[in-house]
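First up is the structure itself, then whatever we jot down about it.
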Amino acid sequence: INYYPIDDMQAILTINKATYDMSKVQFIGGRFTYDGTPKSIYVTGELPQGVTVEYTNNGKINANTYTVTATFIGDTKNYNKLNDWSASLVIDKATYDMSGVSFKNQTFTYDKTEKSALISGNLPKGVEVSYVGNEKTEVGTYNVTAKFNGDSNNYHLIEDMTATLKINQAVPYI
């Protein structure tokens, strides 16, 4: 009676979305050398509770540079959407192991048959050799080049090897 009636009051309560704490998470690129097996990079660190990650363009085999995307999945009703992160996956070309292969000068005696200088040793799997300047019959000295062919997409080119093919005069029979 001594007071006026108080009107009902209304207020708006706003609850803003939270932001996931990604400070303990990293996505760093990786560098590998081709070996015929899949290569991948992954997020490291501690993901916030309720957050998972999916990868796009990961698990590559061939030599190249790839951009891998990490897509984070979490509660978008109560948290701000997480941005995708990208990092580089680099697969460098490998080098064929040619340590067991040699191409030495070779000398023959003339006998009317074709002569060729050949490499010695075992070629790595997938490598082939062809020769330039081989298959000679006449007496003389010839430069021969061994050219190697392999997987140039995933391996460095193999340098040519050179050797001398020499056919000496036959000693006449008396």
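The values are calculated or read from the model by the stated rules, or taken from the named source; none is laboratory data. These numbers were taken from a predicted model, which means no experiment stands behind them. All Cβ positions, even for glycine, are placed from backbone atoms using ideal geometry, and neighbour counts span all protein chains on display. SASA here: full protein model, heavy atoms, side chains in, ligands and nucleic acids out. Shrake-Rupley method; radii C 1.70, N 1.55, O 1.52, S 1.80 Å.
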**Q.** Descending semi-axes in whole angstrom, ellipsoid equivalent of the chain, from the Cα gyration tensor
**A.** 77, 11, 9
Q. If r is the Cβ-Cβ distance from N80 to H156 and R0 is 41 Å, what FRET efficiency results, to the nearest 0.05?
A. 0.30
Q | Whole-Hz ³J(HN,Hα) from phi, Karplus 6.51 cos²θ - 1.76 cosθ + 1.60, for the range 142-150, glycine and proline x | A | 10, 8, 10, 10, 9, 10, 10, 10, x
**Q.** Accessible surface, per residue, of the chain when the full set of protein chains is kept, probe 1.4 Å, Å²
**A.** 74
Q) Along the charge dipole of the chain, which of T37, S152, I6 sits closest to the positive end, that is, farthest toward it, with unit charges on the beta carbon of Lys, Arg, Asp and Glu (+1, +1, -1, -1)? A) S152
Q) Is there a pair in K60/K93; K24/K81; K39/K81; K24/K60 whose C-alpha atoms are over 22 Å apart, and which pairs would that be? A) K39/K81; K24/K60
Q: Just the number, please: carbon plus sulfur as a percent of the accessible area of the chain, 1.4 Å probe, no ligands or DNA/RNA counted.
A: 48
Q. What distance in nm separates the simple spin-label points at N16 and I73, each placed 7 Å from Cα in the Cβ direction?
A. 2.9
Q: Compute the signed sum of charges (Lys and Arg +1, Asp and Glu -1) over the other residues within less than 15 Å, Cβ to Cβ, of G45.
A: -1
Q: Could you name the aspartates and glutamates whose alpha carbon sits less than 18 Å from that of K115, not counting residues in the same chain fewer than 8 places away?
A: E135, E138
Q.
Full-extension gain between M9 and Q106, please, as 0.36 nm times their residue separation minus the C-alpha to C-alpha distance.
A. 24.3 nm
Q.
Can you report the principal axis dimensions of the range 55-109 using only the alpha carbons, biggest first, rounded to whole angstrom?
A. 88, 12, 12
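Run the dipole for the chain about the Cα centre, Lys and Arg Cβ at +1, Asp and Glu Cβ at -1, nothing else charged, and hand back the magnitude in debye, nearest 20.
560
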Q) Taking amide H positions as placed 1.01 Å from N in the peptide plane, with prolines and chain starts having none, which residues 5 or more places from F32, or on another chain, fall under 5 Å of its amide H? A) V90, I91, D92
Q) What's the extension gain from T37 to D97 if we count 0.36 nm per residue and subtract their Cα-Cα distance? A) 19.8 nm
